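The values are calculated or read from the model by the stated rules, or taken from the named source; none is laboratory data. Here the structure is a predicted model, which is why all the values come from computation and not from measurement. Note that each Cβ is placed from the backbone with ideal geometry, even for glycine, and that neighbours are counted across all protein chains shown.
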Amino acid sequence: MPLGRGDDTFQQIDVRIAAVAFVALVAAIVQGWSWLVPAAIALVGGGYAIELALDDAPLDVAAPVVAAGLLLAAELAYWSLDERSHTIGDPGEGLRRAALVATGAAGALVVASALLALVDEVRGRGLALDLVGAVAAVAVVVTVIAGARSQPSKGA
Amino acid sequence: MTRAGNPRLVGYTTLAALGLLGALALRRPELAVVAAPFALVLAIGSRARHPQLDVAFEMDAERTLEDAEEIATVTVSAGRAVDRLELMVDLPPDVEVVDGGAARSMRLQAGEARGLYITLRCRRWGLYDVGTVRVRARDPWRLVTWEGRIEASHRLKAYPRPLTLRRLLAPVETQALAGSQVARTKGDGVEYADIRDFVPGDRVRSINWRASARRQGLVVNERHPERNADVVLFVDSFADVRDDDRSVLDDAVRAAAGLATKYLEHRDRVGLVAFGGVLRWLQPGMGSTQRYRLVETLLETGVEPTYTWRDVNVIPARTLPPASLVLALTPLVDPRFVAALEDLRGRRYDIAVVEVDPVPLVRPGQTEVERAAHRLWILEREVHRWRLETRGIGIATWGDDALDTVLEEVRTFRRYARAARV
């Protein structure tokens, strides 16, 4: 989506970023390098961030679509990596997984749209960036706590 | 079970953090919106709880035959719902899954129990510890993994596949108990031996009336009694020669198991000596219990490399009863085994050798030196064979032929060798 917008210079830069991200994603899937998946997604997100930084538009309404698209790409890439372990599954397992991924993407679209609408509403009152900053700080703290809790622990 | 984060967890955390930090740095809330779904998935995934799994591996069969199929059951139950449960049955190298795969995945509801049926087959005889199961449970968003391992709980004994044998090697001397071997001595039996003059005390039923009429005096029949024999299977475990498909030690053990079964069916006493780096022995005995003992001792037979000299003095005396038939199974690779056979022959044991042919399993090599070494090795084996034959030991090479054919060859050799010795 960012490729369709902006001037020629930006499009040339973004095409290169997208090409590198694509190669990284393919390498991740083919070689089983899971650490390359977030790198590829981050590259695409970086391209979008550059476009946002250069653009003076007040609020990009395409952000929810980008969010859903990135989540979908990441989910599909990780799913592909998960399937490298050759296990015989229950019938319909693939369809169920596909439905879950599609639901996740749709949910991401809805959540991101709601969040964008909220930002738009709050931004009119001048609190938008402060609120986003606070949310970001809280989210990072929560993420770190969740990461710490996921350390290996012995169970029954 | 061990809880661990998936690569997805690290990836989504990174992406969410980058998005939020980018939003702050660039003052663009759209980047926070882009990061929000990743953060949301992380928040949902971090709520995943321990699945409380209970996994059990069960197998009815404790004994099986080579290449026979046996069914194992892996039962798994979950206290909490598991979106994806992966079960991987780790099997020893010579045990394979016949249908399907050793790795399965499934979805379990809370409190649900499932049984997986896996058909196993042992490609080779031996003792196998089966039942090691690796378990991996994943949450719906694949952020967290619980991994566990259930250690092998079942010992499966794969017996060698039975060989078809129609006729066995008869020993030179028999023992005192009744059996199926025709003794060389004379006494009560079925097989006709000779006639002689009647002496007081002979039974009337043994009088040969036709011969008595011709001789004008009473003549009685003499017969060979049916007796049992002591047979000691002498397996060479000094060295093994193998390729991907075949091993001479495997073949020797299969032959030993087949011979033991057949001799025991004839009411003979059968013992075992596995002569090699580790000495294993079993005193001669009779019956089906002895058969199981023999086969299970054979299953433990393996090559333990040793460079020390070993002779027959290390074998317990009661394992080699006097007048027993020592039936050796060897690839004739190690001179220590040949020396042991010569030693036993010197102690007046009746010895026959089945040479399990290792030559087809050994490639001559590429270089001239390797080919010369191969020729020397073959010549060395010829020398071993000649040494045994000159001592009157019947020997035949078992390659692609049936074991029956090989035993017939040994039988023929023994017939003429015995005449020559006399």
Considering residues that are part of a helix (DSSP H, G or I) and of a type in the set (S, T, N, Q), the number found within the stretch A:27-71 is 1
Identify all residues within the stretch A:75-92 that are in a helix (DSSP H, G or I) and facing chain B (nearest Cβ under 7 Å); write none if there are none.
A:Y78, A:D82
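Going residue by residue through the stretch B:60-71, is there one that turns out to be within 30 Å of B:K157 (Cβ to Cβ), without any contact (Cβ under 8 Å) to a residue 40 or more places away in the chain and away from chain A (no Cβ under 14 Å)? If you could, list the steps in order and put the result at the bottom.
Looking only at the stretch B:60-71, we keep the residues that are within 30 Å of B:K157 (Cβ to Cβ), and these are B:60-71.
From what's left, without any contact (Cβ under 8 Å) to a residue 40 or more places away in the chain: B:60.
Still in the list and also away from chain A (no Cβ under 14 Å): B:60.
Yes, the stretch B:60-71 contains a residue that is within 30 Å of B:K157 (Cβ to Cβ), without any contact (Cβ under 8 Å) to a residue 40 or more places away in the chain and away from chain A (no Cβ under 14 Å).
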B:W141, sole failed condition from (1) buried (at least 22 other Cβ atoms within 10 Å of the Cβ); (2) assigned to a strand (DSSP E or B); (3) not hydroxyl-bearing (S, T, Y)
(2)
State whether one or more residues within the stretch B:45-52 are on the phi > 0 side of the Ramachandran plot and not in a helix (DSSP H, G or I).
yes
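Against the condition part of a strand (DSSP E or B), within 17 Å of the chain's Cα centre (by Cα) and among the acidic types (D, E), how does B:D250 come out, does it pass?
On the way: part of a strand (DSSP E or B): no; within 17 Å of the chain's Cα centre (by Cα): yes; among the acidic types (D, E): yes.
When the stated conditions are applied, B:D250 does not pass them.
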Name the pairs: first residue in the stretch B:17-37 and facing chain A (nearest Cβ under 7 Å), second residue part of a helix (DSSP H, G or I) and of a type in the set (D, E, K, R), Cβ to Cβ under 8 Å, at least 6 apart or on different chains?
B:A23/B:E30; B:P29/A:R123
Please state which one of A:A136, A:A128 is under 19 Å from B:L26 (Cα atoms), over 19 Å from the mean Cα position of the chain (by Cα) and modelled with pLDDT under 75.
A:A128
Can you find even one residue in the stretch B:80-87 that is surrounded by 15 or more Cβ atoms within 10 Å (Cβ to Cβ), part of a loop (DSSP other than H, G, I, E, B) and more than 29 Å from the chain's Cα centre (by Cα)?
yes
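Is it true that some residue in the stretch B:63-71 is among the charged types (D, E, K, R), under 30 Å from B:L294 (Cβ atoms) and part of a loop (DSSP other than H, G, I, E, B)?
In the first step, residues of the stretch B:63-71 are kept if they are among the charged types (D, E, K, R); the result is B:63, B:66-67, B:69-70.
Among the residues that remain, those that are also under 30 Å from B:L294 (Cβ atoms) are: B:63, B:66-67, B:69-70.
Okay, now just the ones that are also part of a loop (DSSP other than H, G, I, E, B), so B:66-67.
Yes, the stretch B:63-71 has at least one match.
Condition check ((1) outside any helix (DSSP H, G or I); (2) over 24 Å from the mean Cα position of the chain (by Cα); (3) at pLDDT below 85) across all residues:
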position	(1), (2), (3)
B:L20	no, yes, no
B:L24	no, yes, no
B:A35	no, yes, no
B:F38	no, yes, no
B:V55	yes, yes, no
B:V89	yes, no, no
B:G101	yes, yes, yes
Could you tell me how many of the residues in the stretch B:160-178 are in contact with a Ser or Thr (Cβ under 7 Å, 6 or more places away or on another chain) and either part of a strand (DSSP E or B) or among the small types (G, A, S) (or both)?
0
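Assess whether B:L218 counts as being at pLDDT 90 or above and either under 31 Å from the mean Cα position of the chain (by Cα) or surrounded by 12 or more Cβ atoms within 10 Å (Cβ to Cβ) (or both). Walk me through how you get there before you give the answer.
Numbers: at pLDDT 90 or above: yes; either under 31 Å from the mean Cα position of the chain (by Cα) or surrounded by 12 or more Cβ atoms within 10 Å (Cβ to Cβ) (or both): yes.
Yes: the conditions hold for B:L218.
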Could you figure out which of (1) assigned by TED's automatic domain parsing to the domain that holds B:A152; (2) among the charged types (D, E, K, R); (3) under 25 Å from A:D82 (Cα atoms) isn't true of B:E58?
(3)
Please indicate, with yes or no, whether at least one residue in the stretch B:336-344 is crowded, with 19+ Cβ neighbours inside 10 Å and closer than 18 Å to B:A260 by Cβ.
no
Could you figure out which of (1) more than 14 Å from B:F38 (Cβ to Cβ); (2) touching a helix residue (DSSP H, G or I) at 6+ places or on another chain (Cβ under 6 Å) isn't true of A:A42?
(1)
Taking the residues in the stretch B:7-16 that are within 7 Å of chain A (Cβ to nearest Cβ) and hydrophobic (A, V, I, L, M, F, W, C) as candidates, determine which candidate is surrounded by the fewest Cβ atoms within 10 Å (Cβ to Cβ).
B:L9
